[in-house]
Amino acid sequence: MPPDPPNPLVLAHGMAHRFVVTAGSRELGAWSKVAGLSVTWDLAEYRVGHSDQYFKFAGVPKFARVKLSRAADATATPAVKVWLDEVQASGGVPESGAVQMLTSAGQAVMTWTLQEMFPIAWQISEFDASAGKVAVETLELVHSGFLTGKQSGGE
């Protein structure tokens with residue numbers, strides 16, 4: 001009896017270790033860790049006159065900083081350095097960027113377009129040849145949102 005065919009849904013799941021990031025038209029390469037891709041809303045309340053009746057609704061959205069991490073590599077790390085040099089020269093002009101989650105087959109699962117994005121921090125881990133560890137670079141981004149419609153309240 002032949003083996004069962006592979007389940008096509010297995011490759012359709014977003015893999016937590018496959019993210020591609022862009023900044024404007026620049027490819028910043030693949031990243032192994034993305035943290036902070038989230039939104040929260042302030043709670044707004046409206047009280048009707050002097051009554052006990054309250055209406056609650058979502059207020060201003062707030063978007064967390066996005067923190068990217070990966071092993072430094074000979075192509076993508078210099079691309080980030082070029083972008084950081086451009087940001088330094090321009091004074092940090094915000095631009096659109098994106099974080100794209102990929103399946104194990106490299107197909108896009110979801111793309112979050114970050115509005116008015118720019119880097120707020122970059123670092124590379126300590127160099128210690130005796131430890132035998134990979135150098136990890138970390139890039140932190142701020143943005144004004146990834147939801148459609150008017151964005152406000154970025155962190």
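Would you check if there is a residue in region 18-26 being at pLDDT below 95, within 26 Å of M110 (Cα to Cα) and out of contact with any strand residue (DSSP E or B) (no Cβ under 6 Å at 6 or more places or on another chain)?
Checked against the condition, which is being at pLDDT below 95, within 26 Å of M110 (Cα to Cα) and out of contact with any strand residue (DSSP E or B) (no Cβ under 6 Å at 6 or more places or on another chain), region 18-26 yields at least one hit.
Could you please tell me which pairs satisfy a Cβ distance under 7 Å, a separation of 6+ or placement on different chains, a first residue in region 77-102 that is within 21 Å of W31 (Cα to Cα), and a second residue that is assigned to a loop (DSSP other than H, G, I, E, B) and modelled with pLDDT under 95?
If the second residue must be assigned to a loop (DSSP other than H, G, I, E, B) and modelled with pLDDT under 95, the pairs left are E95/G24; S96/G24; G97/G24; M101/G14; M101/R18; L102/M15; L102/R18.
Of these, P3, P8, which one is at pLDDT below 95, surrounded by fewer than 16 Cβ atoms within 10 Å (Cβ to Cβ) and within 20 Å of G106 (Cβ to Cβ)?
P8
Taking L114 as the residue in question, decide whether it is surrounded by 11 or more Cβ atoms within 10 Å (Cβ to Cβ) and modelled with pLDDT of 95 or more.
yes
Of everything in region 64-91 that's loosely packed, with under 13 Cβ neighbours inside 10 Å and not in a helix (DSSP H, G or I), which residue is nearest to the chain's Cα centre (by Cα)?
Only one residue fits best here, namely T75.
Please work out if V48 is in contact (Cβ under 8 Å) with a residue 60 or more places away in the chain, among the hydrophobic types (A, V, I, L, M, F, W, C), farther than 24 Å from G132 by Cα and surrounded by fewer than 16 Cβ atoms within 10 Å (Cβ to Cβ).
no
Considering only residues that are of a type in the set (G, A, S) and in contact with a Leu (Cβ under 8 Å, 6 or more places away or on another chain), look in region 36-68 and name the one that is modelled with the highest pLDDT.
A64
May I ask you to verify whether F118 is among the aromatic types (F, W, Y) and not in a loop (DSSP other than H, G, I, E, B)?
Answer is yes for this residue.
The values are calculated or read from the model by the stated rules, or taken from the named source; none is laboratory data. It should be emphasised that the depicted structure is a prediction, and the values quoted were computed from it without experimental measurement. Glycine gets a Cβ as well: all are built from the backbone with ideal geometry, and neighbour counts include every protein chain shown.
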